[in-house]
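I have placed the structure first, in the form of structure tokens, so that the comments after it can refer back to it.
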Amino acid sequence: MKTIILNHKSYLSYEELQNYKNVLETQAIENINLVLMPTLAYLSEFKSSKIQIGAQNFYSYNFGSYTGEISLETLKSLNVSYTLVGHPERLMLKLDSYQEVKDKFFRSINLGFKTILCLGHDENEKILKKELKFFFNGIEESVLKNLIIAFEPASKIEGETINLKQIKYVNNFIKEYMTKHFEINVPFIYGGSVNKNNIKEILEITDGVILGRNSTNINEMIEIINLIKGV
């Protein structure tokens, strides 16, 4: 079963989100692991929904005096089951450092969230290996069952042509590394300029995708859901 992450980023008004939710809930989601990541302010709208939800961001500490932040404990109480960590947009905007990403990653995966760790902002093999060593140093192997690794190169976030050969190479490199060092077959998903025209060929060589701005168009999402059923 393929994993499809819908990352709404900071798009959609409240009214647009309500329409999106109402339409999506009427769809028969079969043979797809669909996870919606709305703007954090809208997460509570899905607490009792049949739609799986994930958080685009969170704070790596417990409940406390952290004005403007949201804790994983709060997310858990809203039935959030997935988190997204290390997205290149947050690194480029200097909203997270690599150390903060690692702190969030450890906290999320140890609390039992299905944690999507973004790697490979640059597909250079040396940088990939450096990232893998950094993020997995000190990890408890028992929690890796909740890990999903995403490859989302910064240059492909929006509007760029995808490179299937590059995606396949990074997929193989990461899977071989995780098999060698942790003896697990980690799910690998791809994000960056994914749309209805290329999603099927991407899914042929990955375990899933992250859709960004395209995921906010509910009509296009219905088309994509129908397109990939049974892939």
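The values are calculated or read from the model by the stated rules, or taken from the named source; none is laboratory data. Everything quoted here is computed from the prediction, not taken from an experiment. Cβ placement follows ideal geometry from the backbone for every residue including glycine, while neighbour counts extend to all protein chains displayed. These area figures cover heavy atoms from the full protein model, side chains too; ligands, DNA and RNA do not enter into them. Shrake-Rupley method; radii C 1.70, N 1.55, O 1.52, S 1.80 Å.
Observations on the model:
- Förster-model FRET efficiency, 30 Å R0, residue 217 and residue 103, C-beta, rounded to 0.05: 0.30
- For segment 30-75, applying the loop criterion from DSSP together with a ceiling of 12 other beta carbons within 10 Å to the chymotrypsin sites (Phe, Trp or Tyr not before Pro) yields 63, 66.
- At most 11 other Cβ within 10 Å, DSSP loop - trypsin sites (Lys or Arg not before Pro), segment 1-91: 47, 50
- All-pairs alpha carbon distance profile, segment 98-221, 5 Å steps from 0, percent: 2, 11, 21, 23, 19, 13, 8, 2, 0
- Assigned charges on the beta-carbon of Lys, Arg, Asp, Glu; segment 40-157 dipole about Cα centre (debye): 180 debye
- Per residue accessible area in Å² of segment 89-201, where ligands, DNA and RNA are left out and the probe is 1.4 Å: 51 Å²
- With a 1.4 Å probe rolled over the protein heavy atoms of all chains, the accessible area of 130, 168 falls in the order 130, 168, largest first.
- Scanning residues 5 or more positions from residue 52 or on other chains, those with amide H under 5 Å from its amide H are 36, with H placed 1.01 Å from N in the peptide plane.
- Taking Lys and Arg as +1 and Asp and Glu as -1, the other residues whose beta-carbon sits under 14 Å from that of residue 137 total 0.
- Taking every DSSP helix (H) stretch of at least 4 residues in the chain, weighting each as -39,500 (n - 2.57) and dividing the sum by the residue count yields a mean residue ellipticity at 222 nm of -10500 deg cm²/dmol.
- Taking all protein chains into account, the per residue accessible area for segment 1-40 stands at 45 Å² (1.4 Å probe).
- Residues in segment 15-50 that a label on residue 67 would reach, taking backbone N under 20 Å of a point 7 Å out along Cα→Cβ: 41
- Cβ charges +1 (Lys, Arg) and -1 (Asp, Glu), total dipole of the chain, debye: 320 debye
- Translational D in µm²/s for segment 1-94 (Stokes-Einstein at 37 °C, 0.692 mPa s, Kirkwood Rh from C-alpha pairs): 230 µm²/s
- With every protein chain in place, the chain: carbon and sulfur % of accessible area (1.4 Å): 47 percent
- Volume per residue of the convex hull around the Cα atoms, evaluated for the chain, comes out as 123 Å³.
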